[in-house]
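Working notes, beginning with the structure itself.
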Amino acid sequence: MTMLVIELKDVSLTLGQGASSVHVLKGVSLDVAAGEAAGIVGPSGSGKSTLLMVLAGLERVDSGKVRIAGTEITGLSEDAVAAFRGRNVGIVFQSFHLIPNMTALENVAVPLELAGHRDAFAVAARELEAVGLGERISHYPGQLSGGEQQRVAIARALAPEPRILIADEPTGNLDQATGKQVADLLFAKARERGMTLVLVTHDPALAQRCDRQIAMRSGRIETAVKV
């Protein structure tokens, strides 16, 4: 029996208020199995990134149900959602989101320290080694290339050993060759650790590497097909 780690049922979300409000997600339902790699594609403004933020508990839905790793998160408090996310969901953003005045080692250790991990820096060093940055642990983000910064971000996302790895345009700020290296790393680490990978991308080649492509348009899922 296939175990589902993501279950969305009739999820709707409006952002903004009054005349400026936008109905971003419109009755979205989606199941993603454990260990699956799902690529979310579609035009700009179709709701792709917002859907990822809902999966991570970073956006609250107006209606519907969001069940992640067996836990219904829609009714949890902000603190409970944050604690749940720290244990179960790793996030990689397009623009890295590293803390500029912290070294690579410190950046990766942050989520572990927040979770009260006793060996935060030892684990962080091990994760940086795993992404090929063992020699760069004391460097600051400004001393690293874009590809290296994204590797730090991936190491940070992987460090708490989450069940789900979410990536929003992970290669969007990188040149083609570096982007391919980062994509190779993402898929390899997710596969090695049995993680579910959900990524948003405009890159058809990257989407083709996923087990399934989920096409969105105007806040709705149009298709969800096996690759």
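At-a-glance table
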| read-out | value |
| --- | --- |
| Largest to smallest principal axis extent of the C-alpha atoms in the chain, angstrom | 47, 45, 38 |
| For the stretch 9-103, size of Cβ-based charge dipole, Lys and Arg +1, Asp and Glu -1, in debye | 80 debye |
| Relative contact order computed over the chain (Cα-Cα under 8 Å; 6+ residues apart), in percent | 28 percent |
| Residue list for the stretch 65-85, given a label point 7 angstrom along the Cα-to-Cβ vector of Ala34 and an amide N cut-off under 17 Å | 67-72 |
| Accessible surface, per residue, of the stretch 1-97 when the full set of protein chains is kept, probe 1.4 Å, Å² | 46 Å² |
| The chain - percent of accessible surface contributed by carbon and sulfur, probe 1.4 Å | 49 percent |
| Accessible-area ranking of Lys48, Lys26, largest first, probe 1.4 Å | Lys26, Lys48 |
| Exposure rank, largest accessible area first [Val22, Val108; 1.4 Å] | Val22, Val108 |
| Surface accessible to a 1.4 Å probe, per residue, for the residues of the stretch 126-199, Å² | 42 Å² |
| Low-density loop cleavage sites - trypsin sites (Lys or Arg not before Pro) in the stretch 83-162, where at most 15 other Cβ are within 10 Å (DSSP) | Arg118 |
| Calculated from backbone phi, Karplus (6.51, -1.76, 1.60) coupling profile of the stretch 90-97 in Hz, x at Gly/Pro | x, 10, 10, 9, 4, 9, 6, 6 |
| Residue among Gly132, Gly16, Gly57 with the largest mean-square fluctuation in a Gaussian network model of the chain, springs linking Cα atoms under 10 Å | Gly16 |
| Where Rh is the Kirkwood radius over Cα pairs, Rg/Rh for the stretch 127-227 | 1.00 |
| Under-5 Å amide H pairs with Glu222, H placed in peptide plane, nonlocal only | Ala215, Met216, Arg217 |
| Cross-link pairs Lys65/Lys180; Lys9/Lys180; Lys9/Lys48 - those with Cα-Cα distance over 28 Å | Lys65/Lys180; Lys9/Lys180 |
| Cβ charges +1 (Lys, Arg) and -1 (Asp, Glu), total dipole of the chain, debye | 420 debye |
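The values are calculated or read from the model by the stated rules, or taken from the named source; none is laboratory data. Note that the structure is predicted; figures quoted are calculated from it, not measured. Counting neighbours? That spans all protein chains shown, and the Cβs are built from the backbone with ideal geometry, glycine included. Accessible surface areas use protein heavy atoms only, side chains included; no ligands, DNA or RNA. Shrake-Rupley method; radii C 1.70, N 1.55, O 1.52, S 1.80 Å.
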